[in-house]
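The values are calculated or read from the model by the stated rules, or taken from the named source; none is laboratory data. Please read these numbers as outputs of a predicted model, since none were measured by experiment. A quick note on method: Cβ atoms are made from the backbone with ideal geometry, for glycine too, and the neighbour counts reach across all protein chains shown.
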């Protein structure tokens, strides 16, 4: 979809019923692609989602000298990495997607230099690079800023060190992991992020020959090796897309079987949906979410994994906007996540924001109106709200949604939604 004109027209209300399949995680696939820079040769990634951000990362890796092929039918990507990749990530690509910063660690440790434009991405608050920089400097890198670029150098290579993250930042954990695998000696990282995406990246690095212990815990011990080799890996299923479908079932009083979804990666969100009145049962390759009545309001506080994901916070607010009773949603990760609340109010939601708290009093039915998606998850949250709104809702700037949800409109149509791309 084109950035200037992409919109979704949704007719509500509707009850979603049927099956949907979840593919690879956006947040994992992009980091796996960036990590491929660590080893020359052909890396094979399976279950790579067909989304806009994957195309942007492909363009970035191509500019760095890689040759990439992608089979849309099998969702398999081959990344052929040269023996001497480039080291500069230009603004025109990096500004479109924050995950571009993930080439910093691999390029610095493998080439000895990385020039990365300061990243863009979603408007959900300040996500500074302080943790990335402090960690890389602890490993011996020299870092400066010039003309909008981060210039990191380590001409004699990085050296293992101990480093504790002030906050368990996912991006910083990933950059430090990928930098440390080729550093000299042992690196111990404390208070690291524990998201499933981190373990997925770690397993890929181990397949490439890295030595990493502690995946899934808050401490990682990495013994540097001299070289890595190309490897094959399958991306884990997208837990945020999975969670979005689960909330969609509960909000629309629907019945959705989510194939490929992993309930064990969503324990707290699914517990919240059960508290809201949903019935959740396991299936052979996923789980089913069924709701027979208007949901009951649920209090939610976002936290790093294994807490309630900030990326599902818009869905929680949307659910509470049509739930029985009142609830409080507290945002502890990204301070600007509530930007989309003003759009939700346009649909008739009763929400009061005070700092990082949103108090929501549910109404029986929302009312269709034009709204604007400000980021990927806000866009998805607005679409879910549109499904329980009377009349027509136009979600503008829906290109954001395409960055994280493959075939979102098509999947919704298969479940019974009346939705069209305009």
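Against the condition closer than 19 Å to residue 103 by Cβ and assigned to a loop (DSSP other than H, G, I, E, B), how does residue 201 come out, does it pass?
It is false that residue 201 is closer than 19 Å to residue 103 by Cβ and assigned to a loop (DSSP other than H, G, I, E, B).
A quick yes/no check of all residues on (1) surrounded by 18 or more Cβ atoms within 10 Å (Cβ to Cβ); (2) touching a helix residue (DSSP H, G or I) at 6+ places or on another chain (Cβ under 8 Å); (3) over 19 Å from residue 311 (Cβ atoms):
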residue	(1), (2), (3)
250	yes, yes, no
253	yes, no, yes
264	no, no, no
285	no, no, yes
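Just checking, which of 111, 103, 81 is surrounded by fewer than 24 Cβ atoms within 10 Å (Cβ to Cβ), in contact (Cβ under 8 Å) with a residue 60 or more places away in the chain and either over 30 Å from residue 289 (Cβ atoms) or under 18 Å from the mean Cα position of the chain (by Cα) (or both)?
81
Looking at the structure I just gave you, is residue 410 within 18 Å of residue 16 (Cα to Cα), in the same structural domain as residue 248 (by TED's automatic domain parsing), surrounded by fewer than 22 Cβ atoms within 10 Å (Cβ to Cβ) and under 22 Å from the mean Cα position of the chain (by Cα)?
On the way: within 18 Å of residue 16 (Cα to Cα): yes; in the same structural domain as residue 248 (by TED's automatic domain parsing): yes; surrounded by fewer than 22 Cβ atoms within 10 Å (Cβ to Cβ): yes; under 22 Å from the mean Cα position of the chain (by Cα): yes.
Criteria met by residue 410.
Are there helices (runs of 4 or more DSSP H) fully within the stretch 347-422 with at least 3 residues that are under 21 Å from residue 237 (Cα atoms) and in contact with a helix residue (DSSP H, G or I) (Cβ under 6 Å, 6 or more places away or on another chain)? List them.
Here the list reads 376-387, 399-402.
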Exercise for review: Please work out which residue is surrounded by the most Cβ atoms within 10 Å (Cβ to Cβ), limiting yourself to the stretch 211-244 and to residues that are free of Cβ contacts under 8 Å to residues at least 60 places away in the same chain and in a loop (DSSP other than H, G, I, E, B).
Suggested key: 215
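Confirm whether residue 36 is part of a helix (DSSP H, G or I), in contact (Cβ under 8 Å) with a residue 24 or more places away in the chain and either more than 22 Å from the chain's Cα centre (by Cα) or crowded, with 20+ Cβ neighbours inside 10 Å (or both).
On the way: part of a helix (DSSP H, G or I): yes; in contact (Cβ under 8 Å) with a residue 24 or more places away in the chain: yes; either more than 22 Å from the chain's Cα centre (by Cα) or crowded, with 20+ Cβ neighbours inside 10 Å (or both): yes.
For residue 36, the condition - part of a helix (DSSP H, G or I), in contact (Cβ under 8 Å) with a residue 24 or more places away in the chain and either more than 22 Å from the chain's Cα centre (by Cα) or crowded, with 20+ Cβ neighbours inside 10 Å (or both) - is met.
Counting only residues that are in a loop (DSSP other than H, G, I, E, B) and closer than 16 Å to residue 102 by Cα, which one in the stretch 169-194 is modelled with the lowest pLDDT? Outline the logic, then answer.
In the first step, residues of the stretch 169-194 are kept if they are in a loop (DSSP other than H, G, I, E, B); the result is 169, 181-183, 185, 191-194.
Narrowing the set further to residues that are closer than 16 Å to residue 102 by Cα leaves 169, 181-182, 192-193.
Values: 169: 91, 181: 98, 182: 98, 192: 97, 193: 95.
Top of the filtered list is 169.
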Review point. Any residue in the stretch 203-214 that is at pLDDT 95 or above, at positive phi, touching a helix residue (DSSP H, G or I) at 6+ places or on another chain (Cβ under 9 Å) and assigned by TED's automatic domain parsing to the domain that holds residue 89?
Key: yes
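Just a yes or no: is a residue in the stretch 293-311 assigned to a helix (DSSP H, G or I) and in contact with a helix residue (DSSP H, G or I) (Cβ under 7 Å, 6 or more places away or on another chain)?
Within the stretch 293-311, the subset assigned to a helix (DSSP H, G or I) is 310-311.
Now drop any that are not in contact with a helix residue (DSSP H, G or I) (Cβ under 7 Å, 6 or more places away or on another chain), which leaves 310-311.
Yes, the conditions are met somewhere in the stretch 293-311.
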Check your understanding: Do we have any residue at all in the stretch 45-61 that's more than 25 Å from residue 196 (Cα to Cα) and either crowded, with 21+ Cβ neighbours inside 10 Å or over 22 Å from the mean Cα position of the chain (by Cα) (or both)?
Key -> no
Review point. Does the stretch 121-130 contain at least one residue that is surrounded by fewer than 17 Cβ atoms within 10 Å (Cβ to Cβ) and more than 30 Å from residue 239 (Cβ to Cβ)?
Key: no
Practice item. Tell me, yes or no, whether the stretch 99-117 has at least one residue that is assigned by TED's automatic domain parsing to the domain that holds residue 49, in contact with a helix residue (DSSP H, G or I) (Cβ under 9 Å, 6 or more places away or on another chain) and part of a loop (DSSP other than H, G, I, E, B). Key: no
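Among the residues of the stretch 7-31, which ones are in a helix (DSSP H, G or I) and surrounded by fewer than 17 Cβ atoms within 10 Å (Cβ to Cβ)? Even if it seems obvious, please write down each step before you answer.
Applying the first criterion (in a helix (DSSP H, G or I)) to the stretch 7-31 yields 26-31.
The answer is none; no residue qualifies.
Let's see how each residue does on (1) modelled with pLDDT under 95; (2) over 28 Å from residue 376 (Cα atoms):
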{"residue": "40", "(1), (2)": "no, yes"}
{"residue": "46", "(1), (2)": "no, no"}
{"residue": "61", "(1), (2)": "no, no"}
{"residue": "64", "(1), (2)": "no, no"}
{"residue": "70", "(1), (2)": "no, no"}
{"residue": "78", "(1), (2)": "no, no"}
{"residue": "96", "(1), (2)": "yes, no"}
{"residue": "106", "(1), (2)": "no, no"}
Practice item. Take the residues in the stretch 137-162 that are surrounded by fewer than 16 Cβ atoms within 10 Å (Cβ to Cβ) and at pLDDT 95 or above, then tell me which one is nearest to residue 181 (Cα to Cα). Key: 162
